[in-house]
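Okay, structure first, notes after.
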Amino acid sequence: MADQAPSTVPEADRIIKLAVLAVGGQGGGVLTDWITAVAEVNGYRAQSTSVAGVAQRTGATIYYVELCRDNGRQPVFALSPAQGDVDILIASELMEAGRAIIRGFVTPNRTTLIASSHRIAAISEKIEPGDGRAPSDQVMAAAKGSAKRFISFDMEQMALDAGSMISASLLGALAGSGALPFPRETYEEIIRGSGRGATASLKAFAAAHDRAKDVEAAPDAFPPQPIPSTPNVKGPQQLLSQWQSLNARVNAYPELVRDMALRGLCKVTDYQDVAYGTEYLDRLDQAVKLDSPGYALSLSAAKHLANAMCYDDMIRVSDLKTRSKRDTRVRSEVGVKDGTVLRLTEYFHPRIEEFCGTLPTGLGRYIESRPKVSAWLDRRINRGRRIRTDSMSGFAMLWFIGGLRRWRRSLLRHQVETAHLQHWYKLALDHVSQDYALAVEILNCRRLIKGYSDTHVRAFSKFDRVLSGLDLVKGRPDAADWIRRLREAALKDEEGTMLDGALKTIASLN
Amino acid sequence: MAERSFAKEVEKLRLGAGEEFSGEGILAITKALLQCGVGYVGGYQGAPISHLMDVLADAQDILGELGVHYEASASEATATAMLAASVHYPIRGAATFKSTVGTNVASDALANLASGGVTGGALIIVGEDYGEGSSIMQERSHAFAMKSQVWLLDPRPNLPSIVKSVEDSFELSEASNTPVMLLVRIRCCHVHGQFIAKDNKRPAMTVAEALDSPRRDTKRIVLPPASFLHEKEKIEKRWPAAVDFIRSRKINEFFGPEIAEVGIVLQGGMYNGVIRALQRIGLADLYGETQVPLYVLNAVYPLVEDEFLGFCQGKDAVLVVEEGQPNYIEQAMASMLHKADYTTRIIGKEVMPMAGEYTGQVMFDGVSTFLRERAPRLLPAQIRAPNTTDMSQDVSDLTALVPGRPPGFCTGCPERPIFAATKLIEQELGHHHIASDIGCHLFSIMPPFELGATTMGYGLGPASASAFNSPDAKRRSISFVGDGGFWHNGLTSSIGNAVFNRNDGVIVIVDNFYSAATGGQDILSSRATNRSKSTKHPITEAVKGMGVKWVRHIERTYDVNKMRDTLREALTTPETGPKVIVASSECMLNRQRREKPLIDKAIKGGERMVKPKFGVDEDICTGDHACMRLSGCPSLSVKTLDDPLRDDPVAHIDQSCVGCGNCGEVADAAVLCPSFYRADVVHNPGTWDRFADNIRRKLIGMMQNWRERRRLEFVDA
């Protein structure tokens, strides 16, 4: 045997190497079993491996299959994928496709990359107070550049629409891609034989199969930007005519500002009433008046004024939870079918702060300034309350609190919020003449204020801390940039550790 | 293992001679045990050998027919001690566990067993959890074989080879009166393949027969002077017998040409990887016909010196492919060559990494480098002097971008609220020293909880906090241990130790009714009725029996308020001694396996059933994600709203929600926000349900209408 050369392998007899990168719980094992079975009915030998175990729980997992035409002799298959040596890579989520590329399993000379374009946010992406999600477009671009063929669409949604799991649509995409030399019917035969849920799986398979066949002819574009919608407004005639005049004011704004202003106007009017809408536009007018083409200031003002004016108080929460459109939305989200009954429990945990905020200003301040009274009341109020909004008593209570809306302007919370808003808005507008960009950034800092109770308190503290940097950077040419950086740092973690670090950096600048 | 059926796998164990078995590697080993006439099997579950235990647990009928005793051992030490049945009696026995963690636990029994030696074949199947997907410290089992002088087989990772290895192991054990370890790696256990089955065999002697005619031999007991004789016997008798057996039975294999300037020595488990590297280099074909001679060590300990020297004869250099460290085989072989005055060079860790798994790329790089340096003549031009060595692309941007995805708690996991409560109590009372243990609950060290400072071994959580017991301290330590670890070792090593040493710390026992991390096997405190095991032994009783005075039992971990209040009490009570909190709720993965089919069936059958699910009111959620920092549930994620007014994504609960209640409880306990709601859908409602719902919805509809007619309503176009 000494000088025997390895038998030359005809193309059809080489080993096809296929790796599946999945997130634990997505059914990667089922998919692997299907692929193995399809290969075997087509007269191939197949070997699959995985590293199941605890490491799999909700974590990134790899399944690996090698297949080869059966010539009556057992080939030697490897047990794990190797860099630069994978023919087909199936990623069940977009970032997993990114991970596959990083690990070198996707190469331009040979790999067909089949990736679902949907995202499953990792923990690290979810726990940031801001938007911690990794940008999908960069992974998409990398995938296009790294793979020989790239087939990508939302296979998760496709599976859900069919009432099935993503494993079925991934198999469909694999079949549709033609990367394996097996006819469609053999895939379907295997799915049919897998028993439970086969009908739904076949539906998801078919949809993905057809889509994968087309996808290269017309590559998946990014979803089109939604066209701004003009809301339908219903209501009593008198209110409608008032609304029309507000609408006219919005239409007089520069075109760039109109959409945002209209959305803001809808939000505040919905929150309180038409008069509140007028207030909103009065405030916005100030920014528009100072603004110049580009309208960054007006856009920021339109957005953040609306958010600031619609602060989250008990009245708003109660109002939103007792609306008919909320009922409709919950029913569709939960999937309540005819013949079933929905019971709905809301989780409230009011504290003395929320209680006082809902009292007339004088009374609220009176209680707040007396610690003993506050503490006594807090002991009675401060506990979790589960309110059944499908029951009459629970619904009526929230409905009643929602009805306090008409007195909102005289309540303590409104005074506090309005004072804060005015201070912030004035601060921003005062800066316009010296540093326009800085003024815009001050407006944008409103994004920091969110959450309820402790989270809300922390948010306020971050807001104050960011603006405390104002004196340090004012006058610098890059002042706006610094405030933006501070704000972004503040959104990185809960306590504001990054923010404190950034503030120290600024302090050292001078 | 009440919640999953292995009936399909059990059927494969019945296959007779000539029939083709098709399935996973670990199941093939299970079948091989029965084919070898094993008399008893024990073990402790853990990836990658859980499946062996699970399937045997469900195979009571077959085991009964054959007269095979099966035990789910309390620990790996128990399993190995069980092999004592093969000391005096000619009964074949097998124990299995995950390694090296299990081998660590087993080593006391292993050393004693190895000293006295065995009469019946004693086999230990170790699932080597090394490399990708491993959940334990990275060490080798090889050292255990060497120190106790038990033989170690490492077969090629395909079903016929590992089945043959089981047969060889028993015979080797009997021929050399020594226990044998059979090492299988994770992927080998999960590899899907085929082999031709043989008939199952009844054991030559059953444990019942042994019990009826007891035997003893003082010479086999570990006590001086016998123990000194044992050591001599190992060297003088057992070792040579083993070497003879391995040589004469051709356990190790040779592939490729007999004459060549270089060769490769490899552990059996590395065979497929080496062949793949040679295939890619162009020196082996599809079926493993290689141009480079291979010496495949299916027995990695002991080594057969003359066999090895014969392989080196006439070769300039030999590559040793030995995964992990220390490189015992390479060292031993270098010593053999040196003493035999050979000039053959041993190449090993110079071209292969000392630490880490031999993945495809590592193997390709190592073998290519070896051949390029030592036998360039063999190589095709492109490997000898590659034009484009680097097919890899610049992925540095992507590396910074793609988030890590470590394992975490499953959707609806009952352990999540325990750690949410711990995080809340730390916000209140400050940070504490927290000792973790082995089990799913160790995921607490990951975001979003980031709780726990050390993990020292199964059942050793509280033990690992035992130094932190000082009258001068103002804070107590908190330690966690799961129910699995508790029964494995924790009751004595952790709880007993804490009682005896008057430890003042807080111990939380996470009781989820199963040994959940290893696949949901039953343990003493499981709530399910088990056909062959005694369950339903409360942990609280065991703890009290151990002498703990301060014990609190939480029967629903999802009650975050209660969990937090109990922790506060434990951390602040003036009472001294260990404070034990037993937090009990069923593992959701297993609960779903059990309940979901029943519920679906009941709904189809027209029974009244309530199905819970949680949701988020997206206009109330402000997108601060405080809830996610106390949850990390896969079903609770972020969602972008189609609203330019909102910068940050809001919380969203997807279809996979099982309605465990954690979201609502946490929102309440941490005073988060009122955006969560719980929707209970009543399927097949009764007459009263429907009547009341009808009335309520009408009245509520009227109230909604009344208000909505008086205000402006915005309806999305």
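The values are calculated or read from the model by the stated rules, or taken from the named source; none is laboratory data. These numbers come from a predicted model, not from an experiment. Cβ atoms come from the backbone with ideal geometry, glycine included; neighbour counts cover every protein chain shown.
Go through segment B:670-694 and give me each residue that's assigned to a helix (DSSP H, G or I), surrounded by 11 or more Cβ atoms within 10 Å (Cβ to Cβ) and more than 7 Å from chain A (Cβ to nearest Cβ). Selection gives B:Phe691, B:Ala692, B:Asn694. State the number of residues belonging to segment B:174-203 that are crowded, with 24+ Cβ neighbours inside 10 Å, under 19 Å from B:Arg249 (Cβ atoms) and out of contact with any Leu (no Cβ under 7 Å at 6 or more places or on another chain). The number of residues fulfilling the criteria is 2. Filtering segment A:339-394 to residues that are among the basic types (Lys, Arg) and touching a strand residue (DSSP E or B) at 6+ places or on another chain (Cβ under 6 Å) leaves A:Arg343, A:Arg385, A:Arg386, A:Arg388. Does B:Asp108 satisfy the criteria of being at pLDDT 95 or above and acidic (Asp, Glu)? When the stated conditions are applied, B:Asp108 passes them.
Yes or no, residue by residue, for (1) more than 37 Å from the chain's Cα centre (by Cα); (2) away from chain B (no Cβ under 13 Å); (3) acidic (Asp, Glu):
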residue: A:Pro360; (1), (2), (3): yes, yes, no
residue: A:Val373; (1), (2), (3): yes, yes, no
residue: A:Asn382; (1), (2), (3): no, no, no
residue: A:Arg388; (1), (2), (3): no, no, no
residue: A:Phe395; (1), (2), (3): no, no, no
residue: A:Arg405; (1), (2), (3): no, no, no
residue: A:Leu411; (1), (2), (3): no, yes, no
residue: A:His414; (1), (2), (3): no, yes, no
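Looking only at residues in segment B:104-138 that are β-branched (Val, Ile, Thr) and within 20 Å of the chain's Cα centre (by Cα), which one is farthest from B:Leu182 (Cα to Cα)? Top of the filtered list is B:Ile136. Within segment A:61-115, count every residue that is more than 22 Å from B:Gly269 (Cα to Cα), at the interface with chain B (Cβ under 9 Å from one of its Cβ atoms) and more than 34 Å from the chain's Cα centre (by Cα). Here the count works out to 2. The single condition among (1) in the same structural domain as B:Tyr558 (by TED's automatic domain parsing); (2) out of contact with any strand residue (DSSP E or B) (no Cβ under 9 Å at 6 or more places or on another chain); (3) among the small types (Gly, Ala, Ser) that B:Ser477 does not satisfy is (2). Among the residues here, A:Asn109 does not qualify as within 22 Å of A:Thr36 (Cα to Cα), in a loop (DSSP other than H, G, I, E, B) and assigned by TED's automatic domain parsing to the domain that holds A:Thr36. Selection of segment A:284-298 for residues being crowded, with 22+ Cβ neighbours inside 10 Å and part of a helix (DSSP H, G or I) yields A:Leu284, A:Ala287, A:Leu297, A:Ser298. When B:Gly324 is tested against (1) crowded, with 16+ Cβ neighbours inside 10 Å; (2) in contact with a Lys or Arg (Cβ under 7 Å, 6 or more places away or on another chain); (3) within 14 Å of chain A (Cβ to nearest Cβ), just one condition goes unmet, and that condition is (3).
Criterion applied to B:Thr96, B:Thr100 was being out of contact with any Asp or Glu (no Cβ under 7 Å at 6 or more places or on another chain), closer than 29 Å to B:Ser135 by Cα and more than 14 Å from every other protein chain (Cβ to nearest Cβ), and the one residue passing it is B:Thr96.
Residues of segment B:410-449 that are within 21 Å of the chain's Cα centre (by Cα), closer than 23 Å to B:Ser477 by Cβ and within 10 Å of chain A (Cβ to nearest Cβ): B:Ile438, B:Gly439, B:Cys440, B:Leu442, B:Phe443, B:Met446.
Would it be correct to say that B:Gly263 is touching a residue at least 24 places away in the same chain (Cβ under 8 Å), crowded, with 22+ Cβ neighbours inside 10 Å and assigned to a helix (DSSP H, G or I)? Taking the combined requirement at face value, the residue does not satisfy it. Select from segment A:308-339 the residues that are among the polar types (S, T, N, Q) and buried (at least 22 other Cβ atoms within 10 Å of the Cβ) and write down the one among them that is nearest to A:Gly364 (Cα to Cα). If we take residues in segment A:308-339 being among the polar types (S, T, N, Q) and buried (at least 22 other Cβ atoms within 10 Å of the Cβ), then A:Ser318 is nearest to A:Gly364 (Cα to Cα).
Restricted to segment A:290-315, and to residues there that are within 8 Å of chain B (Cβ to nearest Cβ) and charged (D, E, K, R), the residue that is farthest from B:Val671 (Cα to Cα) is A:Lys303.
Just a yes or no: is a residue in segment A:228-248 β-branched (Val, Ile, Thr) and touching a strand residue (DSSP E or B) at 6+ places or on another chain (Cβ under 8 Å)? There is at least one residue in segment A:228-248 that is β-branched (Val, Ile, Thr) and touching a strand residue (DSSP E or B) at 6+ places or on another chain (Cβ under 8 Å).
Only one of the numbered conditions (1) of a type in the set (A, V, I, L, M, F, W, C); (2) facing another protein chain (nearest Cβ under 8 Å); (3) assigned to a loop (DSSP other than H, G, I, E, B) is violated by B:Ala667, and that is (3). Among the candidates B:Glu171, B:Glu139, B:Glu132, which residue alone is modelled with pLDDT under 95 and surrounded by fewer than 20 Cβ atoms within 10 Å (Cβ to Cβ)? B:Glu132 is the lone residue from the list that is modelled with pLDDT under 95 and surrounded by fewer than 20 Cβ atoms within 10 Å (Cβ to Cβ). All of B:Gly93, B:Gly131 fail the test of being outside the structural domain of B:Met354 (by TED's automatic domain parsing) and either more than 25 Å from B:Asn489 (Cα to Cα) or aromatic (Phe, Trp, Tyr) (or both), apart from B:Gly131. Considering each residue of segment B:456-472 in turn, none proves to be in a helix (DSSP H, G or I), within 11 Å of chain A (Cβ to nearest Cβ) and not charged (D, E, K, R).
Scanning segment B:277-297 for residues being part of a strand (DSSP E or B) and more than 9 Å from chain A (Cβ to nearest Cβ) gives a total of 4. Among the residues of segment B:385-402, none qualifies, meaning not one is touching a strand residue (DSSP E or B) at 6+ places or on another chain (Cβ under 8 Å) and among the small types (Gly, Ala, Ser). Given (1) modelled with pLDDT of 95 or more; (2) crowded, with 16+ Cβ neighbours inside 10 Å, identify the lone condition not met by A:Gly451. Here A:Gly451 meets the rest and fails (1).
Taking each residue of segment A:457-480 that is on the phi < 0 side of the Ramachandran plot and looking for partners that are among the charged types (D, E, K, R) with beta-carbon atoms closer than 6 Å, six or more apart or interchain, yields A:Ala459/A:Lys450; A:Val466/A:Arg487; A:Ala479/A:Asp435; A:Ala480/A:Glu441. Take the conditions (1) in contact (Cβ under 8 Å) with a residue 40 or more places away in the chain; (2) assigned to a helix (DSSP H, G or I); A:Val373 misses just one of them, which is (1). Among helices (runs of 4 or more DSSP H) entirely within segment A:190-271, having at least 3 residues that are modelled with pLDDT of 95 or more and in the same structural domain as A:Trp34 (by TED's automatic domain parsing) singles out A:198-215. Would you say A:Pro135 is within 8 Å of chain B (Cβ to nearest Cβ) and either over 20 Å from the mean Cα position of the chain (by Cα) or crowded, with 20+ Cβ neighbours inside 10 Å (or both)? No: the conditions fail for A:Pro135. Filtered by the rule that a residue be of a type in the set (Val, Ile, Thr) and facing another protein chain (nearest Cβ under 7 Å), segment A:230-273 gives A:Thr230, A:Val233, A:Thr269.
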